[in-house]
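Input: a single structure, listed below in structure tokens.
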Amino acid sequence: MTAVPGLDAAALTAWLAERHPDLAAGPLTAAVIAGGRSNLTYAIEGARLPLVLRRPPLGHVLSSAHDMRREHRVISALGATAVPVPRAVDVVDDTGGRITGTVFFVMERAPGRVLNHPEQNAAYSAAGLRELSLDLAATLADLHAVDAASVGLADFGRPEGYLTRQLATWRRQLDASRSRETPLLDRLQERLATAVPQESAAAIVHGDYRLDNALVDGPEPHLTAILDWEMATLGDPLVDLGMFALYWDISRVAGDATGLVPSAVDSDAGYPAFDELVDAYAARSRHPVPDLGWYRAFAAYKLAVIVEGIHFRFRAGETVGAGFDRMGELVEPLARQGLEES
């Protein structure tokens with residue numbers, strides 16, 4: 001078995017044989033799936049079905065950002081809805097144990113691949129990529145239309161005061177990750193706090209909705225699963241649209257730091273402008289979408305805080321994989337974008 005950071009494949013093999021003998025087939029191997037900058041995600045081979053294991057990152061872990069139980073719970077709850085998600089297998093508290101030493105969860109691996117680089121677009125037609133984009137927007141509307149109580153998520157969050165609490169939460173996350181001065185980010189933080197909008201009706205919020213948190217499959221790309229639910233909660237659904245917008249245009253926003261957050265979105269390949277995605281979302285939800293300026297600015301702030309946390313962990317030697325050494329360069333352009341949006 002090949003050793004990987006943060007996971008003991010032999011211990012996982014023994015656990016699967018004991019807890020899920022219907023899935024066990026022999027020794028398991030694990031490989032870190034590239035692309036994640038937060039929770040660690042592993043492809044697990046050797047079981048009767050392809051599996052994925054998710055665990056918190058190594059080292060510096062902020063208090064609420066990497067809750068495996070919440071991610072497992074929301075995926076399980078959405079399994080019977082129109083929102084495509086992988087099938088959840090189990091969630092395990094292995095704190096102090098041999099497998100990961102943390103809480104982790106296991107799910108089946110949905111078919112398909114993540115689109116996160118422009119060169120991947122060559123496999124599809126412009127019409128196919130356009131249709132995928134509009135479907136992604138419609139799927140977000142489907143998520144926001146799910147009745148949380150009907151799927152057992154009535155207590156999944158506190159929608160009242162959600163935006164104010166979000167600002168306070170991300171301020172704490174930034175304070176916990178400070179290793180340098182961030183004047184533009186601090187200015188954005190204060191500007192957002194003085195202009196919190198009236199919240200829209202509560203919904204299940206993904207928290208990090210974007211093209212590269214989805215799996216696509218087929219000769220023309222169609223959605224097979226929405227991934228990475230670690231930030232899901234109940235709250236203002238426009239937060240998801242703000243984050244979706246930021247990532248859709250991240251290549252422009254990042255400026256000289258383009259490439260640090262890979263994106264396949266390219267208008268020349270057939271991806272529509274984000275305004276068309278807003279129209280698709282509004283058509284599916286049957287509700288007009290208000291101005292998203294504050295929500296776009298909040299998305300830039302939130303991502304900047306996440307990136308600053310990654311920078312903190314990199315400086316402490318607690319990141320796994322390549323590409324972390326320059327992530328801190330993204331903080332200033334993101335803060336500048338947020339100031340422009342707000």
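Coordinate-derived values only; no laboratory data. Computed from a predicted structure; not experimentally measured. Ideal geometry is used to build each Cβ from the backbone, glycine not excepted, and the neighbour counts take in all protein chains shown.
A few points about this structure:
- Pairwise FRET efficiency - Glu329 versus Ser125, Cβ, R0 = 35 Å, nearest 0.05: 0.50
- Between Tyr281, Tyr124, Tyr209, the residue with the greatest mean-square fluctuation in the GNM of the chain (Cα pairs under 10 Å linked by springs) is Tyr124.
- Restriction of the GluC sites (Glu not before Pro) in region 268-342 to DSSP coil positions whose beta-carbon has at most 16 other beta-carbons within 10 angstrom yields Glu318.
- Simple spin-label estimate for Arg113 and Ala149 gives 4.5 nm between the two label positions (7 Å along the Cα-to-Cβ direction from each Cα).
- With θ taken as phi - 60° and the Karplus curve 6.51 cos²θ - 1.76 cosθ + 1.60 applied, the whole-hertz 3J(HN,Hα) list for region 269-283 is 8, x, 5, x, 5, 5, 4, 5, 5, 4, 5, 5, 4, 5, 5 Hz, x standing for glycine and proline.
- Relative contact order of region 118-341, pairs being alpha-carbon contacts under 8 Å that are 6 or more residues apart, as %: 29
- Cα centroid of region 201-233 to Cα centroid of region 250-313, whole Å: 14
- Taken one residue at a time, the phi angles of region 99-104 give Karplus couplings (6.51, -1.76, 1.60, θ = phi - 60°) of 6, 10, x, 9, 5, 9 Hz. Gly and Pro are set to x.
- Region 9-108 shape via C-alpha gyration tensor axes, a/c threshold 1.5: oblate
- Backbone amide hydrogens, once placed in the peptide plane, bring Leu234 within less than 5 Å of Gly157, Arg158, Val205, excluding anything fewer than 5 places away on its chain.
- Near Asp90, the amide H atoms lying under 5 Å from its own belong to Val106; only residues 5 or more places off or on other chains count, and H is placed 1.01 Å from N.
- Only helices enter the 222 nm calculation for the chain: every DSSP H run of n ≥ 4 contributes -39,500 (n - 2.57), and dividing by all residues gives -12000 deg cm²/dmol, rounded to 500.
- Across Met243, Met231, Met68, mean-square fluctuation computed from a Gaussian network of the chain (C-alpha pairs under 10 Å connected) peaks at Met231.
- Across region 9-108, the mean sequence separation of Cα contacts (distance under 8 Å, 6 or more residues apart), normalised by length, yields a relative contact order of 22 percent.
- Rounded D (µm²/s) - region 136-259, Kirkwood Rh over Cα pairs, Stokes-Einstein at 25 °C, 0.890 mPa s: 149
- Phi to ³J(HN,Hα) by Karplus 6.51 cos²θ - 1.76 cosθ + 1.60 over region 83-92, Hz, x for Gly, Pro: 7, x, 9, x, 7, 6, 9, 6, 10, 9
- A simple charge model with +1 on the Cβ of Lys and Arg, -1 on the Cβ of Asp and Glu and nothing else charged puts the dipole of region 193-241 at about 120 debye relative to its Cα centre.
- Rounded to the nearest 0.05, the FRET efficiency derived from the C-beta distance between Thr169 and Ala201 at R0 = 22 Å is 0.55.
- Rounded Å value of the spacing that divides the Cα centres of region 327-342 and region 158-189: 14
- Rounded to the nearest 20 debye, the dipole size of the chain about its Cα centre is 760 debye, using +1 on the Cβ of Lys and Arg and -1 on the Cβ of Asp and Glu.
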